[in-house]
Amino acid sequence: MNRLFTARFFIDRVFADNSFMPPSVTTIRVRYAETDQMGVAYHSNFLIWCEVGRVELLRQLGFEYSQMEIEHAVHLPVAEANCRYRAPARYDDVVTIETRVAALRSTVIKFAYRLFTTRPDAAEPVLLAEAETVHVSVDRAMNKCPIPEHYLSAIRGTMDD
């Protein structure tokens, strides 16, 4: 099966599935420094904005990513990232980032994202991009390790009916 089709199907399923909690919603404004000469946001910024959404989702669950690193020596480096661009983000757009936990194992977590903006000429929000990131839980020496149970429990709670 085509990998792009598989990723697209996965993101559609995650955001349409009511067994997941409502997505965490965060907004950012596209800064001039994030754009090219035509005022269009550079593509790599979308993954940075996904990170903003991911960190805010964890905050909404009652903990901070830095807390995992400092108190438990657990880090979540990105092992895989996919982004499907649908429309350009432009200078000064307000971008809404929807973030959900899409999959969870003891050492791996997958997040799914949708990024939107509003435009005066569009009746509905404009879908800018859909993305997903996969993170592996590692210790300071970059050895795979389990995510501490109290974090897993909080994250699992977002995935229950």
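The values are calculated or read from the model by the stated rules, or taken from the named source; none is laboratory data. Predicted, not measured: the structure shown is a model, and the values here were computed from it. Glycine gets a Cβ as well: all are built from the backbone with ideal geometry, and neighbour counts include every protein chain shown.
When restricted to residues that are in a helix (DSSP H, G or I), surrounded by 14 or more Cβ atoms within 10 Å (Cβ to Cβ) and either more than 15 Å from the chain's Cα centre (by Cα) or modelled with pLDDT of 55 or more (or both), the range 1-44 contains 1. I want to confirm something. Restricting to the range 139-157 and keeping residues that are surrounded by fewer than 12 Cβ atoms within 10 Å (Cβ to Cβ) and of a type in the set (A, V, I, L, M), which single residue is nearest to Leu57 (Cα to Cα)? Here the answer is Met142. Looking at this structure, is Ser106 modelled with pLDDT under 95, surrounded by fewer than 17 Cβ atoms within 10 Å (Cβ to Cβ), over 29 Å from Val30 (Cα atoms) and polar (S, T, N, Q)? No; evaluated as a whole, the condition is false for this residue.
Conditions tested, residue by residue: (1) surrounded by 15 or more Cβ atoms within 10 Å (Cβ to Cβ); (2) more than 14 Å from Ser24 (Cα to Cα); (3) among the aromatic types (Phe, Trp, Tyr).
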{"position": "Glu71", "(1), (2), (3)": "no, yes, no"}
{"position": "Cys83", "(1), (2), (3)": "yes, yes, no"}
{"position": "Ala89", "(1), (2), (3)": "yes, yes, no"}
{"position": "Arg100", "(1), (2), (3)": "yes, no, no"}
{"position": "Thr118", "(1), (2), (3)": "no, yes, no"}
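Listed by first and then second residue, the pairs linking a residue in the range 74-99 that is closer than 24 Å to Glu64 by Cα and in a loop (DSSP other than H, G, I, E, B) to a residue that is hydrophobic (A, V, I, L, M, F, W, C) and at pLDDT 95 or above, with Cβ atoms under 7 Å apart and 6 or more places separating them unless they lie on different chains, are Val74/Cys145; Val74/Ile147; Leu76/Ile109; Pro77/Val136; Pro77/Val138.
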